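Asks: Next up is a structure, given as structure tokens.
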Amino acid sequence: MATSAIIFYTISGVMILFSLLAVTSRRILRAAIYLLFALAGTAALYFMVDYQFLAAVQLIVYAGGIVVLIIFSVLLTTHINEKLEKPTWGKVFITATLALGGLVLTLFILTNHEFVLGTKPSAEATVSVIGERLLGYQAGGYVLPFEVISILLLAAMIGAIVIAKRNATKS
Amino acid sequence: MKWLYDFSYLTHAIHKGLSERFEPGTVVILEMVMVGVAFMLLFAVLGLVLVYAERKVSAVIQQRLGPMRVGKWGTAQTLADVVKLLLKEPLINKDADRFLFNLAPFVIMIAAFMAIAALPFAKGLHAIDFDIGILYIAAVSSLGVIGILLAGWSSNNKYSLIGAMRSGAQIISYELSVALSLLTIVVLTGSLQLSVIVESQADGWWIFKGHIPAMIAFLIFLIASTAETNRGPFDLAEAESELTAGFHTEYSGLKFAFFFLAEFANMFIVAGIGATVFLGGWMPFHIGTWEGFNAVMDFIPPIVWFFGKVGFMIFLMMWFRWTFPRLRIDQLLTLEWKYLLPINLMNIVLMAFLSLMGWHF
């Protein structure tokens, strides 16, 4: 087996294992850490296919951002001895059916899809190309969605500050 | 001796030698193992040297002698400390989360290993030269905070938990300033790739070429990176008088040594990034078109330049630690969010304007 195949199967095996652990663990902080490993595995796959920008964004947004946020809220709200209560069998049954259904659907589509090897050279994804696309206003540029999203984020931040300040004056 | 000036001769020779004997796949794995072992050795040596340096620097500043007994001028003191740490009993609290407790030191070390891989040490001596260099370093250095939070929570100790929360808040806040001050220089270089950033400083370092905004950015970087590595005067997370030792209170023996080593490794990485972006990395000190002067400077090998600059940055950070009094948590957060961040944002606009008008050298 080629080295890249071995590395790919190792990473995917780790991701599957930790995704399963993340949903089955009854200690909430451990579940968050298992989730971190699964997300870092995704970043590793992006690095493997040389899509470095997306890999770094995956690390910053998910591993460094969202998981840290989850850990912070766990730290503030739960005690170390707390364990999540066991889910009822009905809930387990429904979620397992839904998850397995999704898996079967995805596998069905993947196995029936005809993958054609592209003849075009793979597009470059360097920072300069991404930057020019994001801020370009000619055809193929994404400046309008970029600006709209930044305004949305700004509004969200201001909203968060307003909510936080109102509570501070009350107490 | 030409490999001393361009390490690609050495690395290509190693690659050729391995390729003749093994399959391409095996060569890749062998080279990865070699790079990993090299960085492990580097971290071990760094730990020994920097701990000794810190004790001697603090001694000089406080008009003491520092360690003097073990070896000549106390040079074997850190080795003796390592032996002591290895022989200590690893303790784990009752009711501590054993899995996370054992995992936390490794998370911090892994983040440090991932960050150091992208540093250019000398010409051709560069583990991975990412196109997204600075973004990558910002991404992986934000992983270290997870280890600190885990250590604090899993210890089942309120001092650890408070220390971890403070550390976390501090690191997350100051990460912004570090990244933004580096972006100020990226405006001039036009690239995030660290090798390109170093090459662009062949006719002068960015701290001189970018004059006023570059100097402001350098100062902000120094302050923010000292805070990001949890060092004094920003070490309130481990303020021994109020919190015993912060997030690593419950750690002993080898696991404590990991935290200790990670602190010095992170200091080295931060100093290395600062030296690369602001002070030219391994690029010798050149002045414009002074041919003779530049030739003399080129005679000093790049690796000496790199470690010299990193040593200078580390000395500055040690000087800070032993000179300034510790900040309070509210002062710390005020400094970041009300002063450094607005100054930083205005500085980037100023730098962009300067770059647009062509007023830099």
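Asks: State yes or no: is B:Leu222 touching a residue at least 40 places away in the same chain (Cβ under 8 Å), more than 10 Å from chain A (Cβ to nearest Cβ) and over 16 Å from the mean Cα position of the chain (by Cα)? First the steps, then the outcome.
Replies: Working: touching a residue at least 40 places away in the same chain (Cβ under 8 Å): yes; more than 10 Å from chain A (Cβ to nearest Cβ): yes; over 16 Å from the mean Cα position of the chain (by Cα): no.
In short, no.
Asks: Please enumerate the residues belonging to the stretch B:78-127 that are at pLDDT below 80 and closer than 30 Å to B:Ile197 by Cβ.
Replies: B:Gly124, the sole residue that qualifies.
Asks: Something else about it: If I filter the stretch B:248-257 for residues that are at pLDDT 80 or above, aromatic (Phe, Trp, Tyr), buried (at least 21 other Cβ atoms within 10 Å of the Cβ) and in a helix (DSSP H, G or I), do I get at least one hit?
Replies: No: zero hits.
Asks: Does A:Leu17 satisfy the condition of being modelled with pLDDT of 90 or more, more than 9 Å from chain B (Cβ to nearest Cβ) and under 30 Å from A:His79 (Cβ atoms)? Reasoning before the result, please.
Replies: Working: modelled with pLDDT of 90 or more: yes; more than 9 Å from chain B (Cβ to nearest Cβ): yes; under 30 Å from A:His79 (Cβ atoms): yes.
Yes; evaluated as a whole, the condition is true for this residue.
Asks: Hey, another quick one. I want to confirm something. Restricting to the stretch B:152-165 and keeping residues that are more than 9 Å from chain A (Cβ to nearest Cβ) and buried (at least 24 other Cβ atoms within 10 Å of the Cβ), which single residue is nearest to B:Ala227 (Cα to Cα)?
Replies: The first filter runs over the stretch B:152-165 and keeps only residues more than 9 Å from chain A (Cβ to nearest Cβ), leaving B:157-160, B:162-163.
Next, only the ones that are buried (at least 24 other Cβ atoms within 10 Å of the Cβ) stay: B:160, B:163.
Values: B:Ser160: 19, B:Gly163: 14 Å.
Filtering first and then ranking leaves B:Gly163.
Asks: Can you pull out the residues in the stretch B:91-115 that are under 28 Å from B:Tyr5 (Cβ atoms) and surrounded by 22 or more Cβ atoms within 10 Å (Cβ to Cβ)? Walk me through how you get there before you give the answer.
Replies: Here is the first cut: in the stretch B:91-115, the residues under 28 Å from B:Tyr5 (Cβ atoms) are B:113, B:115.
Listed by number, the list holds a single entry, B:Ala115.
Asks: Given the options A:Gly118, A:Gly90, A:Gly136, A:Gly140, name the one that is out of contact with any Leu (no Cβ under 8 Å at 6 or more places or on another chain) and assigned to a helix (DSSP H, G or I).
Replies: Details: A:Gly118 fails: assigned to a helix (DSSP H, G or I); A:Gly136 fails: assigned to a helix (DSSP H, G or I); A:Gly140 fails: assigned to a helix (DSSP H, G or I).
A:Gly90 is the lone residue from the list that is out of contact with any Leu (no Cβ under 8 Å at 6 or more places or on another chain) and assigned to a helix (DSSP H, G or I).
Asks: Follow-up question, since we're still on this one. Which residue, of A:Glu124, A:Glu132, A:Glu114, A:Glu85, is exposed (fewer than 11 other Cβ atoms within 10 Å of the Cβ), out of contact with any Ser or Thr (no Cβ under 8 Å at 6 or more places or on another chain) and within 23 Å of B:Gly133 (Cβ to Cβ)? Step through it out loud before you land on a result.
Replies: On the way: A:Glu132 fails: exposed (fewer than 11 other Cβ atoms within 10 Å of the Cβ); A:Glu114 fails: within 23 Å of B:Gly133 (Cβ to Cβ); A:Glu85 fails: within 23 Å of B:Gly133 (Cβ to Cβ).
On inspection, the qualifying residue turns out to be A:Glu124.
Asks: Of everything in the stretch B:124-151, what is facing chain A (nearest Cβ under 9 Å) and of a type in the set (D, E, K, R)? Give them in sequence order.
Replies: Residue satisfying the conditions is B:Asp131 alone.
The values are calculated or read from the model by the stated rules, or taken from the named source; none is laboratory data. Note that the coordinates shown come from a computational prediction; the quantities given were computed from them, not determined experimentally. Please note: Cβ atoms are built from the backbone with ideal geometry, for glycine as well, and neighbour counts cover all protein chains shown.
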